[in-house]
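Structure, as structure tokens:
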Amino acid sequence: MTEDTDTGADAVALLAAGASLRETLVACAGDWIALDAAARAVAWYRPDGSTIAPLLSGLDRLDESGLALALGHRDGRIRQEALSRAARYPGLLPLVVIRCADWAGPVREHARQVLRETLRTDSAVGLASLLLRIGLRERGAFGAELLGRMLRGATREQFAVLFADPDRAVRRFAYRLAVEDRLLRPAELARAAVRETDAVVQDLCATAALAALDDEGTAYEDVLPVLLSARNPRTRAAGVTGLRRAGRPERAEAFLTDGSALVRACARYVVRQHGGDPVAWYRRRFTPAGGPEPSPGAVIGLAECGDGTDAELLRPLLTHPAAGVRARAVAGLRVLERVDVREVLPLLDDPAPGVVRETVLALLPGARNLPADRLLERTGPERPRHVRVGAFRLLDAMGDLAALRAAVGLLEDPDPKLRTWAAQSAQCWHPSPDIRKQDREEVGELLDRSRHLFSDYVLRHRRREAGLSG
């Protein structure tokens with residue numbers, strides 16, 4: 001069940017009909033919050049309109065299902081009285097957690113007292129997601145604080161459950177506690193940083209693992225190889241930085257050609273700190289005796305730390321057989337601000353989408369000076385999709401008549417996303433004040449072909465902007 005009013009109302013109806021909590025809910029935080037919200041609105045009337053709410057004196061006759069509804073009643077006196085009986089039913093503990101952030105002070109304090117008396121470490125582990133969700137509410141910090149105190153005495157097995165929780169907020173909370181209390185060994189933290197999908201936990205665990213490295217780097221074999229093997233660039237970068245503390249800067253050179261800009265930057269830092277020259281290292285890779293063929297990481301790495309003279313090393317790579325190298329050569333020329341349109345423009349026809357994307361980025365700053373007819377040819381349906389997209393992106397940046405021609409021409413493109421983009425471009429198009437008189441007739445024809453995109457009023461306005469009669 002998801003956290004929304006409709007499903008919460010369905011659960012309330014089942015409970016009102018006598019269904020048990022086990023039959024009604026899937027026990028996740030969103031379910032309980034949805035149930036509580038729905039109980040406030042619809043819990044106390046049957047489908048036929050008759051009331052199912054007992055008087056205050058009748059609460060002692062309610063079973064677990066009835067108390068679940070009473071805990072969400074809009075009358076604070078009923079919620080408070082229901083709390084006195086909720087301790088008999090462990091299944092109601094999630095609703096007690098929610099009442100700990102109740103707006104009514106007496107209800108809130110009573111709920112907190114019940115939670116202190118009934119919550120155990122195992123149940124706190126099971127309710128961690130709900131406790132943290134309610135902790136985000138005004139007056140809700142009590143539950144999260146209590147969870148932290150309960151977990152101070154948790155076993156490694158209980159923490160393992162939290163580390164595997166699908167709620168990333170729970171995993172963050174658990175790992176922070178584990179790091180503060182030093183519950184995990186450095187190698188375990190390194191493995192957690194590699195295994196985790198959440199960036200916050202990755203950084204937390206990687207930083208804590210590196211903090212365990214002493215001046216001699218005796219934990220190197222337990223920690224750094226694990227971090228350096230991570231697929232996540234941030235974790236890998238942390239491992240590269242740790243090489244400096246471990247006194248192994250020579251290992252950082254292998255990461256100067258990493259696919260991640262962050263990892264390459266960290267590798268250059270480590271190399272420089274130990275007297276190396278990353279720029280010279282990159283340049284040697286492009287000499288005839290420099291070793292293996294330049295990799296994409298080496299190409300862009302040179303551009304990131306080199307100067308304009310290095311463009312001469314990158315230009316021959318525009319025709320390299322490897323698409324990754326061609327793409328990075330274009331990107332490198334852009335970084336170095338040495339893009340020659342005559343050399344780069346032919347790459348708009350490259351069979352590799354990545355090369356075309358980098359080419360478009362390199363040409364965008366000077367899009368108005370590109371040959372519009374040549375670009376328009378590349379928007380034809382016979383061209384590959386990535387070529388059509390690249391050409392249209394440049395034409396759209398060019399503006400004026402060229403942009404409108406391309407947009408209207410692509411309204412019947414076989415690709416639905418490109419058709420949508422073209423329609424949006426046509427709708428946003430405005431003629432420049434100095435549009436040539438001889439072009440106005442074509443503008444009128446193009447607007448007529450795309451009239452289905454405009455209201456009559458907007459179409460007349462566009463025509464008047466172009467100097468045409470409405």
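Exactly one residue out of Val299, Val344, Val356 is assigned to a helix (DSSP H, G or I) and under 30 Å from Leu228 (Cβ atoms), and it is Val299.
For region 461-470, a tally of residues being surrounded by 15 or more Cβ atoms within 10 Å (Cβ to Cβ) and basic (Lys, Arg) returns 2. Scanning region 301-332 for residues that are surrounded by fewer than 17 Cβ atoms within 10 Å (Cβ to Cβ), within 17 Å of Arg357 (Cα to Cα) and either among the acidic types (Asp, Glu) or in contact (Cβ under 8 Å) with a residue 24 or more places away in the chain (or both) yields Ala322, Ala323. Might you check whether a residue that is at positive phi and either β-branched (Val, Ile, Thr) or not in a helix (DSSP H, G or I) (or both) occurs anywhere in region 316-336? No, there is no match, as no residue in region 316-336 is at positive phi and either β-branched (Val, Ile, Thr) or not in a helix (DSSP H, G or I) (or both).
Of the residues that make up region 168-188, is at least one out of contact with any strand residue (DSSP E or B) (no Cβ under 7 Å at 6 or more places or on another chain), within 25 Å of Ala254 (Cβ to Cβ), free of Cβ contacts under 8 Å to residues at least 60 places away in the same chain and not assigned by TED's automatic domain parsing to the domain that holds Val114? Give the derivation first.
First, pick out the residues of region 168-188 that are out of contact with any strand residue (DSSP E or B) (no Cβ under 7 Å at 6 or more places or on another chain): 168-188.
From what's left, within 25 Å of Ala254 (Cβ to Cβ): 186-187.
Imposing the further condition that a residue be free of Cβ contacts under 8 Å to residues at least 60 places away in the same chain reduces the set to 186-187.
Okay, now just the ones that are also not assigned by TED's automatic domain parsing to the domain that holds Val114, so 186-187.
Yes, region 168-188 contains at least one residue that is out of contact with any strand residue (DSSP E or B) (no Cβ under 7 Å at 6 or more places or on another chain), within 25 Å of Ala254 (Cβ to Cβ), free of Cβ contacts under 8 Å to residues at least 60 places away in the same chain and not assigned by TED's automatic domain parsing to the domain that holds Val114.
I'd like to check something: does region 352-363 contain any residue that is among the charged types (D, E, K, R) and either closer than 21 Å to Arg405 by Cα or touching a strand residue (DSSP E or B) at 6+ places or on another chain (Cβ under 6 Å) (or both)? Show your work before the answer.
Quick first cut of region 352-363, residues among the charged types (D, E, K, R) only: 357-358.
Still in the running and either closer than 21 Å to Arg405 by Cα or touching a strand residue (DSSP E or B) at 6+ places or on another chain (Cβ under 6 Å) (or both): none.
No, there is no match, as no residue in region 352-363 is among the charged types (D, E, K, R) and either closer than 21 Å to Arg405 by Cα or touching a strand residue (DSSP E or B) at 6+ places or on another chain (Cβ under 6 Å) (or both).
For region 255-281, give me each residue that is free of Cβ contacts under 8 Å to residues at least 12 places away in the same chain and in contact with a helix residue (DSSP H, G or I) (Cβ under 9 Å, 6 or more places away or on another chain).
Narrowing region 255-281 to residues free of Cβ contacts under 8 Å to residues at least 12 places away in the same chain: 272, 275, 277, 280.
Those that are free of Cβ contacts under 8 Å to residues at least 12 places away in the same chain and in contact with a helix residue (DSSP H, G or I) (Cβ under 9 Å, 6 or more places away or on another chain): Arg272, Gly275, Asp277.
Give the residue that is surrounded by the fewest Cβ atoms within 10 Å (Cβ to Cβ), with candidates limited to residues of region 403-417 that are part of a loop (DSSP other than H, G, I, E, B) and touching a Pro at 6+ places or on another chain (Cβ under 9 Å). Per the criteria, the residue is Pro414.
The set of residues in region 65-99 being in contact with a Phe, Trp or Tyr (Cβ under 7 Å, 6 or more places away or on another chain) and within 15 Å of Ile134 (Cβ to Cβ) consists of Pro94, Leu95, Ile98.
Listed here are the residues, each with its yes/no results for (1) among the aliphatic types (A, V, I, L, M); (2) under 23 Å from the mean Cα position of the chain (by Cα); (3) within 15 Å of Leu93 (Cα to Cα).
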| residue | (1), (2), (3) |
| --- | --- |
| Thr118 | no, no, yes |
| Asp122 | no, no, yes |
| Leu131 | yes, no, yes |
| Ala144 | yes, no, yes |
| Pro166 | no, yes, no |
| Arg171 | no, yes, no |
| Glu180 | no, no, no |
| Leu183 | yes, no, no |
| Ala192 | yes, yes, no |
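Residues in region 418-453 that are part of a helix (DSSP H, G or I), within 33 Å of the chain's Cα centre (by Cα) and either of a type outside the set (A, V, I, L, M) or surrounded by fewer than 14 Cβ atoms within 10 Å (Cβ to Cβ) (or both): Arg419, Thr420, Trp421, Gln424, Ser425, Gln427, Cys428. When region 34-65 is filtered for residues that are within 41 Å of the chain's Cα centre (by Cα), among the small types (Gly, Ala, Ser) and modelled with pLDDT of 55 or more, the ones remaining, listed by number, are Ala34, Ala37, Ala38, Ala39, Ala41, Ser65. State whether the residues of region 376-396 include one that is surrounded by fewer than 20 Cβ atoms within 10 Å (Cβ to Cβ), of a type in the set (S, T, N, Q) and at negative phi. Within region 376-396, none of the residues are surrounded by fewer than 20 Cβ atoms within 10 Å (Cβ to Cβ), of a type in the set (S, T, N, Q) and at negative phi.
The values are calculated or read from the model by the stated rules, or taken from the named source; none is laboratory data. Quick caveat, the model's predicted, so the values are computed rather than measured. When we count neighbours, we look across all protein chains shown, and the Cβ atoms used for this are built from the backbone with ideal geometry, even at glycine.
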